[in-house]
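A quick write-up on the structure given underneath.
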Amino acid sequence: LARDPELVVSGAFTYKSGLEAAERLLSLDDRPTAIFASNDDMAVAVIALAHKHALDVPSDLTVAGFDDTQTATAIWPQLTTVRQPISDMSSAAIDLLASHLDGDANAAVRREIRSEIVVRDSSAAPAT
């Protein structure tokens with residue numbers, strides 16, 4: 001897909017910035033059918049604003065977040081999100097720090113840690 005700059009709105013990873021970003025997106029003449037937020041707080045704000053605009057999530061708008069925080073399951077509809085393996089990420093960071101402290105400061109390190117999409121009630125196929 002071609003990137004449309006009008007559909008990319010920056011935020012500050014806060015609920016408030018999620019409201020502001022969602023307002024810009026949902027006010028477009030050709031509003032999106034899905035919004036992927038940078039974190040769950042912003043995604044929850046998108047869902048709140050969608051309700052304010054009388055949009056049904058997920059029938060009118062799919063919403064997804066990132067982090068799989070407790071908030072993701074404390075709202076309705078429950079949020080589809082990306083779960084990060086925080087424990088694995090922390091272990092990798094400690095290993096990297098230990099290598100650095102052992103004198104391998106210049107060693108190139110690449111470690112891939114898989115995340116997981118957790119599908120819940122805020123996502124659906126676009127309406128036709």
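Structure summary
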| read-out | value |
| --- | --- |
| Residue within segment 4-11 that is among the small types (Gly, Ala, Ser) and out of contact with any helix residue (DSSP H, G or I) (no Cβ under 8 Å at 6 or more places or on another chain) present | no |
| Among the residues listed as 56, 60, 40, 95, the single one being in contact with a strand residue (DSSP E or B) (Cβ under 9 Å, 6 or more places away or on another chain) and acidic (Asp, Glu) | 40 |
| Residue count, segment 10-31 (criterion: more than 16 Å from residue 75 (Cα to Cα) and open to solvent by 20 Å² or more (accessible area, probe 1.4 Å)) | 14 |
| Only one of 105, 54 that is among the hydrophobic types (A, V, I, L, M, F, W, C), at pLDDT below 90 and more than 19 Å from residue 40 (Cβ to Cβ) | 105 |
| Looking only at segment 36-61, and only at residues there that are surrounded by fewer than 20 Cβ atoms within 10 Å (Cβ to Cβ) and in contact (Cβ under 8 Å) with a residue 40 or more places away in the chain, the one that is nearest to residue 120 (Cα to Cα) | 59 |
| Enumeration of residues in segment 63-103 that are more than 12 Å from the chain's Cα centre (by Cα) and closer than 30 Å to residue 32 by Cα | 70, 71, 73, 74, 75, 76, 77, 78, 85 |
| Pair list, Cβ under 8 Å, 6 or more apart: segment 69-82 residue more than 15 Å from residue 119 (Cβ to Cβ), other residue open to solvent by 50 Å² or more (accessible area, probe 1.4 Å) | 69/41; 71/41; 76/121 |
| Test: residue in segment 71-90 that is in contact with a strand residue (DSSP E or B) (Cβ under 7 Å, 6 or more places away or on another chain), at positive phi and surrounded by 12 or more Cβ atoms within 10 Å (Cβ to Cβ) | no |
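The values are calculated or read from the model by the stated rules, or taken from the named source; none is laboratory data. From a predicted model like this one, the values you see are computed outputs, not experimental measurements. When we count neighbours, we look across all protein chains shown, and the Cβ atoms used for this are built from the backbone with ideal geometry, even at glycine. These area figures cover heavy atoms from the full protein model, side chains too; ligands, DNA and RNA do not enter into them. Shrake-Rupley method; radii C 1.70, N 1.55, O 1.52, S 1.80 Å.
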